[in-house]
Amino acid sequence: MIPKTVHDFVKKVVKGKHPNQAKPIEDRQANVLSIIETLVSAKTTIGSGVITKREIKGVSTKDSGKDKTLIKFSVSDGENSVQCVAHNCNEKYGLGSGLKGDVLTAFDTIVRKSLAEGKPVKLKGCYANFKSERVFIIDTIDWAEDVQKSQINDTVIKDFVKVCAKHQIDDVNDEGIAYKRPLTPLDVMMDDNGLWAEIYADDDLKQAILLYCLSPFEKEDMIHIGLITNPGEGKNHLVDKVITPLVRCRMAGTGKLSTFAAMFGAMSSDDLNSIELGLLPKMNNDRIVFSEFQTLEQDVFGEMLNVMSDGYYTMQKGKLDVTRHAMLNMAFFGNPPNYWNEEDHKKEEMLAAFGPYTMPIISRLTLIFAKPTLSNGADASTKIKEKIMQNMDKTVAKGTNKEEIANLRTFFREYLKRVSRYQPKLDKYKAILGSEFKDIEALEQFKDAFAKRGKTDYRKWAELLNLVKGFSRLNGRKELVMNDVNYAITLFKDSLETLTSAFPRTAFRQGINYEAIELHRQILEKFGNGSGQASGNRSEIARFAAGQKRKKEWDLLCKIKVSKGSHPQLLVQDMGKGFLHIGAKWDGDE
Amino acid sequence: MNQSDLSWSFLTGYYYPKFRVVIKNMEWDERYEFLKALYDDKHKEALWEERSDEPIKDMMEYVARKDYFHFFCMAFTVQEDGYYTIHKMMREAMRKFRTLR
């Protein structure tokens, strides 16, 4: 539960009533709708967006005057776009009084920079007819308020950390021993009644998503995540209910809808000067989710490699060689390939949807959660169902705490932008980090997943360091503390574990599903005999399975054979007189 | 705090509670082998001696006297510059912890 004083602090900042926050936090979304609304009336108006296309026309007519320039460009806010014209033609040409030559040159510089870097611009002008087109004639063009610039300052962040720390919260350590510790901003961001009010998720997933919500301003800061789970696990719900209400994020379309040109931009063969901006550069310093990524064309992944590691890409056509900035966090949400549970698949083959680029892509993914179900915590299933029902009843959307949640989203949007620029130094913990990474490299799972071609994967090292910095940022600190290292190492190892261990190979060869694996785990827990195996009365175990609503899965488990040495034997063995022995492992190495 | 102290501070904070969970989940015969292996690898010149017919009971008494922390420390070799190596059994124990929790 988020303390009232924290809610009060957040509200004051959002409304601009905090001593260190003079102005209310505004919604600074790019918007060209105000321009489109004057399409018919042709009233002078203003709007903002990113330049997505630029063409140059030379004009030399009696009306325009000799040797005049006309720049046609498109401005988009992500949803709508407007065709604009800036020119220095004479008034007789019919497009209003033209701009002065040096003004047009200055405007063109802004247009080119916006196109290259995805920076938003602010426009003023009015509609007019140009040949058979209706275009927006530019009076002025300037840089819009930087949407990446946070509206709160460092003092507010420090104050917030202090307000949080005044509260002691109950926690349990790894041994299950309860203790009290100060509340942190990360605790507030992970609270189930705040940003996560509309969806249930385990802590590791929450942490991964919040790290993803940081804005990358340096290429080393990019955090890419992969979520590969069974269908219906609520991956898109996660985007709709947590990510999009919090930070700027666009979802790329599936398969054929996410074409090369749509993602990266395109040059027209007829006019090489006409360059369009794709979704990636439009989301520079923000984030993109690739939902159902397994439907994407493999070529798209190929190009994505540069962007994922360098934060920019280049396009060549004819004599043009253009660089586009696309420093953004990417999330890949999808399902394992259809063939996945066939004979001899490997666990990491859940990611085979990346095609021939699987290895380079997973090398670039900071965190990968390849597990059948996103949430495995205690009572996860009940909690998920409860959240779904609350969504149906619009409990959050219309509930009494909807204002508190809206304030939290507004506050943390600006908080995340501010802390994303923090650059905590890693040097103090270099020995710990170096030793831990060396130990991670020694893990079989690491060798299986990443270090196939060499002793190590240096990207993974950089990604681990980035996670450590990420946790420090999320907690509003410019200096690392030991806990940042703890959190990062735990999350990194958990992610590695899901990639290589979530799916027992033997089990899947025999058509076992997640429910059966879960029942097996529950039986070992309930009827464990201390040796990691379980034993008990057949009718008692069957009753337990029925109580878990997993009767079918119990029947399935009874048919499973595991190999012991070269001799396959049943996982569930009848020892006589209805007494059963249940093996611990799937892969025949018990 | 010097680098090796900093590393020990991390190791005890991060690993020790997990180590206790794993070790307490082991049956005593398995626990005995585990602790003995840690001891032997750390004291190659003076290996663990079985001094009675009930070595497990002896181990229990030794643990009661010395605490698990005594064995925990044997699983790490921390250098002056703070860099450390982790015993492979501790690495394996951490993996077990992930499935236990």
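The values are calculated or read from the model by the stated rules, or taken from the named source; none is laboratory data. Because the structure is a prediction, the values reported are computed rather than measured. In this analysis, Cβ positions are derived from the backbone assuming ideal geometry, glycine residues included, and neighbour counts consider all displayed protein chains.
Can you tell which of A:K430, A:K417, A:K438, A:K447 is touching a residue at least 40 places away in the same chain (Cβ under 8 Å) and basic (K, R)?
A:K417
Show the residue pairs meeting these rules: Cβ distance below 9 Å; 6+ apart or different chains; first residue within the stretch A:103-120 and touching a residue at least 60 places away in the same chain (Cβ under 8 Å); second residue in a helix (DSSP H, G or I) and of a type in the set (A, V, I, L, M, F, W, C).
Close Cβ pairs satisfying both conditions: A:G118/A:L280; A:K119/A:I110.
Inspect the stretch A:115-136 for any residue being closer than 18 Å to A:S48 by Cβ, touching a Cys at 6+ places or on another chain (Cβ under 6 Å) and either outside any helix (DSSP H, G or I) or among the hydroxyl-bearing types (S, T, Y) (or both) and give the result as yes or no.
Yes, the stretch A:115-136 contains at least one residue that is closer than 18 Å to A:S48 by Cβ, touching a Cys at 6+ places or on another chain (Cβ under 6 Å) and either outside any helix (DSSP H, G or I) or among the hydroxyl-bearing types (S, T, Y) (or both).
Residue check: is A:V85 of a type in the set (V, I, T), farther than 30 Å from A:Q21 by Cα and not in a helix (DSSP H, G or I)?
The answer is yes for A:V85.
With (1) touching a Lys or Arg at 6+ places or on another chain (Cβ under 8 Å); (2) away from every other protein chain (no Cβ under 14 Å); (3) at pLDDT below 75 as the list, and A:N407 as the residue in question, which single condition is left unmet?
Of the numbered conditions (1) touching a Lys or Arg at 6+ places or on another chain (Cβ under 8 Å); (2) away from every other protein chain (no Cβ under 14 Å); (3) at pLDDT below 75, the odd one out for A:N407 is (3).
At pLDDT 90 or above, buried (at least 19 other Cβ atoms within 10 Å of the Cβ), acidic (D, E) and assigned to a helix (DSSP H, G or I) - does that describe any residue in the stretch A:420-429?
For the stretch A:420-429, residues at pLDDT 90 or above, buried (at least 19 other Cβ atoms within 10 Å of the Cβ), acidic (D, E) and assigned to a helix (DSSP H, G or I): absent.
Among (1) more than 26 Å from A:Q533 (Cα to Cα); (2) among the basic types (K, R); (3) at the interface with chain A (Cβ under 10 Å from one of its Cβ atoms), which single condition is B:R51 missing?
(3)
Within the stretch B:1-13, which residues are over 15 Å from B:A93 (Cβ atoms) and facing chain A (nearest Cβ under 9 Å)?
Of everything in the stretch B:1-13, those that are over 15 Å from B:A93 (Cβ atoms) and facing chain A (nearest Cβ under 9 Å) turn out to be B:Q3, B:S4, B:L6, B:S7, B:S9, B:F10, B:G13.
Among what's in the stretch B:14-48 and is within 8 Å of chain A (Cβ to nearest Cβ) and surrounded by 15 or more Cβ atoms within 10 Å (Cβ to Cβ), pick the residue that is farthest from A:G176 (Cα to Cα).
Here the residue is B:Y14.
List the number of the failed condition for A:V59; all other conditions in (1) closer than 26 Å to A:E117 by Cβ; (2) hydrophobic (A, V, I, L, M, F, W, C); (3) without any contact (Cβ under 8 Å) to a residue 60 or more places away in the chain hold.
Failing condition for A:V59: (1).
All but one of (1) surrounded by 19 or more Cβ atoms within 10 Å (Cβ to Cβ); (2) touching a residue at least 60 places away in the same chain (Cβ under 8 Å) hold for A:D154; state the number of the condition that does not hold.
So the condition that A:D154 fails would be (1).
Can you name every residue in the stretch A:90-111 that is touching a strand residue (DSSP E or B) at 6+ places or on another chain (Cβ under 7 Å) and farther than 22 Å from A:K43 by Cβ?
Result: A:N90, A:L104, A:D108, A:I110, A:V111.
For the stretch A:1-37, give me each residue that is among the polar types (S, T, N, Q) and without any contact (Cβ under 8 Å) to a residue 60 or more places away in the chain.
A:N31, A:S34
Which of the residues spanning the stretch B:1-13 are farther than 14 Å from A:S435 by Cα and crowded, with 17+ Cβ neighbours inside 10 Å?
Those that are farther than 14 Å from A:S435 by Cα and crowded, with 17+ Cβ neighbours inside 10 Å: none in the stretch B:1-13.
Only one of (1) of a type outside the set (D, E); (2) surrounded by fewer than 21 Cβ atoms within 10 Å (Cβ to Cβ); (3) closer than 14 Å to A:V121 by Cα is not met by A:I56, so which one is it?
Every listed condition holds for A:I56 apart from (3).
Quick test of your reading of the structure: A:H325 fulfils all but one of (1) modelled with pLDDT under 80; (2) in contact with a Phe, Trp or Tyr (Cβ under 7 Å, 6 or more places away or on another chain). Name the failing condition by number.
(1)
Out of everything in the stretch A:1-30 that is in a helix (DSSP H, G or I) and of a type in the set (D, E, K, R), what residue ends up being nearest to the chain's Cα centre (by Cα)?
Filtering first and then ranking leaves A:K11.
Which residue out of A:E343, A:E348 is assigned by TED's automatic domain parsing to the domain that holds A:H237, part of a loop (DSSP other than H, G, I, E, B), at pLDDT below 80 and at negative phi?
A:E343 is the lone residue from the list that is assigned by TED's automatic domain parsing to the domain that holds A:H237, part of a loop (DSSP other than H, G, I, E, B), at pLDDT below 80 and at negative phi.
With a cut-off of at least 3 residues that are modelled with pLDDT under 80, name the strands (runs of 3 or more DSSP E) lying wholly within the stretch A:493-584.
By residue number, A:561-564, A:567-570.
If A:K17 passes every condition in (1) in contact with an Asp or Glu (Cβ under 7 Å, 6 or more places away or on another chain); (2) surrounded by fewer than 16 Cβ atoms within 10 Å (Cβ to Cβ); (3) closer than 30 Å to A:T155 by Cβ but one, which one does it miss?
Condition not satisfied by A:K17: (1).
Mind checking which helices (runs of 4 or more DSSP H) fall wholly inside the stretch A:159-259 and carry at least 2 residues that are within 14 Å of chain B (Cβ to nearest Cβ) and in contact (Cβ under 8 Å) with a residue 24 or more places away in the chain?
Output list reads A:203-212.
Looking only at residues in the stretch A:52-75 that are part of a strand (DSSP E or B) and among the hydroxyl-bearing types (S, T, Y), which one is farthest from the chain's Cα centre (by Cα)?
Ranking the qualifying residues of the stretch A:52-75, first place goes to A:T61.
Pick from the stretch B:54-101 the residues that are more than 10 Å from chain A (Cβ to nearest Cβ) and small (G, A, S): which of them is surrounded by the fewest Cβ atoms within 10 Å (Cβ to Cβ)?
B:A64
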